[in-house]
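Taking it in order: structure first as structure tokens, then the write-up.
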Amino acid sequence: MRKLFAMLFVFQLVFLLTLKAQNNEIIKGKWHWDNALKQDTSAGYVQVVKVDNVLYISGAVARDVTPDGITRVYQSLDRSLKAFGATFQNVVKENLYTTDMEAMKKYNDTRKIFYKGDFPAATWVQISRLFLHDAMLGVELIAHLPK
């Protein structure tokens, strides 16, 4: 009889732990340019979503793939990172989309300045166009904050 009660207790404990593990509620911190932690519903997205200690940063875009255009994109990304107390040293993944890969490779040193030698995993893709019809460069980031 004791074994039966012990097994029932273990079963109930495992069942309760499973229910707790299946809690699907995700707490999201959001930031969208000058709207602080408020979602801009007119745009339909936020610039940064923070879940736990991970930042998912939407693409910042430029209309030209030149040193100035690249600098503006990475300055925008820097602003997104700083909104959560992060820097480019917190970035673990970069996705870069461009309509002119050769120009991006030519001016890559402009991008490298922001990482200060601590580069993330990166994927670069040449595409036919971005959401904005005249944009030529879009960069999105994933960054981890210390726990």
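The values are calculated or read from the model by the stated rules, or taken from the named source; none is laboratory data. Keep in mind the model is a prediction, meaning the values are calculated, not measured. Cβ atoms come from the backbone with ideal geometry, glycine included; neighbour counts cover every protein chain shown.
Restricting segment 47-76 to residues that are assigned to a strand (DSSP E or B) and either of a type outside the set (Val, Ile, Thr) or within 15 Å of Ala135 (Cα to Cα) (or both) leaves a set whose member that is modelled with the lowest pLDDT is Gly59. Regarding segment 86-106, can at least one residue be identified that is assigned to a loop (DSSP other than H, G, I, E, B), buried (at least 20 other Cβ atoms within 10 Å of the Cβ), without any contact (Cβ under 8 Å) to a residue 60 or more places away in the chain and of a type in the set (A, V, I, L, M, F, W, C)? Among the residues of segment 86-106, at least one is assigned to a loop (DSSP other than H, G, I, E, B), buried (at least 20 other Cβ atoms within 10 Å of the Cβ), without any contact (Cβ under 8 Å) to a residue 60 or more places away in the chain and of a type in the set (A, V, I, L, M, F, W, C), which makes the answer yes.
Within segment 110-147, the set of residues being polar (S, T, N, Q) and more than 18 Å from the chain's Cα centre (by Cα) comprises Thr110, Gln126, Ser128.
Selection of segment 114-147 for residues being outside any loop (DSSP other than H, G, I, E, B), out of contact with any Leu (no Cβ under 8 Å at 6 or more places or on another chain) and exposed (fewer than 13 other Cβ atoms within 10 Å of the Cβ) yields Ala121, Gln126.
Of all residues in segment 86-109, those satisfying the criterion of being under 14 Å from the mean Cα position of the chain (by Cα) and of a type outside the set (Val, Ile, Thr) are Ala86, Phe88, Gln89, Asn90, Lys93, Glu94, Asn95, Leu96.
Filtering segment 122-140 for residues that are modelled with pLDDT of 95 or more and more than 18 Å from Val61 (Cα to Cα) leaves an empty set.
Quick grid of which residues meet (1) among the charged types (D, E, K, R); (2) within 16 Å of Leu141 (Cα to Cα):
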| position | (1), (2) |
| --- | --- |
| Gln75 | no, yes |
| Phe88 | no, yes |
| Lys93 | yes, yes |
| Glu102 | yes, no |
| Lys105 | yes, no |
| Tyr115 | no, yes |
| Pro120 | no, yes |
